[in-house]
Every structure is written in C-alpha cells, then in structure tokens.
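First the structure, in the form of structure tokens, and then the observations on it.
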Amino acid sequence: DYTVDVHTLKVLQGVMSNPEYRLLSDNDKRLLNIATLMHDLTKTEGAVDKTHPQFSAFDTYYILEKMNMPERDKIKVYQLIKNHDWSEKYNAKVPIGGGKHRELTPKERTKVAKDIAFEMRDGKNFRMASILAEADLKGVKESGEFYDKYRYSLEQGKHEIAQLVDQ
C-alpha cells in the first residue's frame, strides 16, 4: 500500500512503538533505528526483490564506514538489515517444479532456524531483528492483513529461534 519511503517511516514508527524497544540500551535503539531507516535502501519500488536485504546491508555498511562508525556497531547494523527478512526464510516455500512449491519439512525448518540463530547469536541481535521484522510486516498493508497473514509463523519462529540463540 505504500511507497518504499513511506513504508520505511511506518516501519520506524512500528519499531519505536514496540514494547520490547524500550528494553534496549540507548546504543541498541540507535543502531536499530539506523537499520530500520536503511533496511530497504536498495529495494526496487513496486517489485518483489529477494536480494535487497543483502545489498541494502552491504551498502549501509559502506555508508557507515564513511561515517567512521565503530566496527562492532557497523556489523550489528549490517546483520540486522541482512536478516530483517528472517521470518520469510524461516517460512520459505521450496520450488518443486511446474510453478509449484511445498512447505519446508520440520528438519529443513530447524536447519534454517539454527542458521538464523547462529548469525544473530550476539547480544540482543535476534530480539532487535524480531522487532524490525514485525514492524516491517505491519508496514506493508494499511489494513494490517499482511501482518495478520504471517503473524502466527512470525511468533512461532521467534520462539524457536530465541531458544536456539539462548542455547
């Protein structure tokens, strides 16, 4: 329903209004805000672009490099942007040919969950990525139907991956 710029501002509103956001340190709030503003930096307007998380993360890292941000902070922002679509990876469909797809098997989903948990294992990175992912889904449709469609799988993924991060 929104252009990328308006979507980004809606996502920022969603991030900052999330009750878990208040529990973050001031530095983590700042880094999450930067990641939110930059998460769709390379996204093509009006197109489904599965590569934008990686490219947006890379370009943002380069910009932050020019701003002399500490390496640890640049990497955190990079990881948040690169993984802001973690729920999509967790709930991916596998092509089986002829334009058809199947759900991930439990074993495949567990492997994806472990990969996400490993990548987001430091500090509160996964909690921050979950705040961003939820706000991103809520910022797609004004009616909230897009978020409602994926709400259960987002919550399921948050629970499973958070447990893996804790381990």
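Some observations on this one:
- Selection of region 13-38 for residues being open to solvent by 40 Å² or more (accessible area, probe 1.4 Å), among the acidic types (Asp, Glu) and in contact with a helix residue (DSSP H, G or I) (Cβ under 8 Å, 6 or more places away or on another chain) yields only GLU20.
Each row is one residue, and each column tells you yes or no for (1) among the β-branched types (Val, Ile, Thr); (2) touching a strand residue (DSSP E or B) at 6+ places or on another chain (Cβ under 7 Å); (3) over 20 Å from VAL6 (Cα atoms).
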{"residue": "THR110", "(1), (2), (3)": "yes, no, yes"}
{"residue": "ILE116", "(1), (2), (3)": "yes, no, yes"}
{"residue": "ARG127", "(1), (2), (3)": "no, no, yes"}
{"residue": "LEU137", "(1), (2), (3)": "no, no, no"}
{"residue": "TYR147", "(1), (2), (3)": "no, no, no"}
{"residue": "TYR150", "(1), (2), (3)": "no, no, yes"}
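- Restricted to region 70-143, the set of helices (runs of 4 or more DSSP H) holding at least 3 residues that are in contact (Cβ under 8 Å) with a residue 24 or more places away in the chain and crowded, with 21+ Cβ neighbours inside 10 Å comprises 71-82, 86-90, 125-138.
- Condition check for VAL48: outside any helix (DSSP H, G or I) and either among the aliphatic types (A, V, I, L, M) or closer than 17 Å to ALA129 by Cβ (or both): yes
- Unmet criterion (only one of (1) assigned to a helix (DSSP H, G or I); (2) in contact (Cβ under 8 Å) with a residue 12 or more places away in the chain; (3) farther than 14 Å from ALA133 by Cβ) for VAL6: (2)
- Test: residue in region 86-97 that is within 22 Å of ASP5 (Cβ to Cβ) and out of contact with any Gly (no Cβ under 7 Å at 6 or more places or on another chain): yes
The values are calculated or read from the model by the stated rules, or taken from the named source; none is laboratory data. Every value quoted in this text rests on a predicted model; they were computed, and no experiment measured them. Here the Cβ is made from the backbone with ideal geometry for all residues, glycine too, and neighbour counts use every protein chain on show. Just so you know, the surface numbers come from the protein's heavy atoms only, side chains and all, with ligands and any DNA or RNA stripped out. Shrake-Rupley method; radii C 1.70, N 1.55, O 1.52, S 1.80 Å.
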